1. Going by a ≥ b ≥ c, the root eigenvalues of the Cα gyration tensor, does the range 27-89 fall in the rounded group (a/c under 1.5), the prolate group (a/b larger than b/c) or the oblate group?
2. Applying 1/(1 + (r/R0)^6) with R0 = 41 Å to the Cβ-Cβ distance of Glu67 and Gln9, what FRET efficiency is obtained, to the nearest 0.05?
Amino acid sequence: KLFQDAGVQKEDRLVRAEAVRIIGKIYHQVGIAAGKSTKHDAEDIKARVAVATMVTMAKAQGQEMTEQDQADMMIQAKEQMAAQMAAAGAAGDQKKEETTSTDAPPAPKENN
């Protein structure tokens, strides 16, 4: 709604967008100053999204989630994603091995 508010002129929405960009830059600078890494790999981001989704669903059902619960879920999510990637890599290697095999191709069928 912040950027698509039909009751506000386009120019005003652009000013809002610029303000959000400035705020984002400030948060980024504060994060760097605090010594936190600003680089996250894709797998880390996917794990964070998965955990955030699970936490949101749990809270919507009335469950309480502590920060430690969330940290534990993050570790589990990363481990699960690593296992999935390893399995996918092994399956890809096996498929590649099958296609590059030195076995002779099957003999053509004879038509009688």
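Quick note: the coordinates plus some simple rules give every number you see, no bench work behind them. The model shown is predicted, which means the values in this text are computed figures rather than measured ones. Glycine gets a Cβ as well: all are built from the backbone with ideal geometry, and neighbour counts include every protein chain shown.
1. On the way: a/c = 2.40, a/b = 1.08, b/c = 2.22.
It comes out oblate by the Cα gyration axes.
2. Step by step, r from the Cβ atoms, then E = 0.45.
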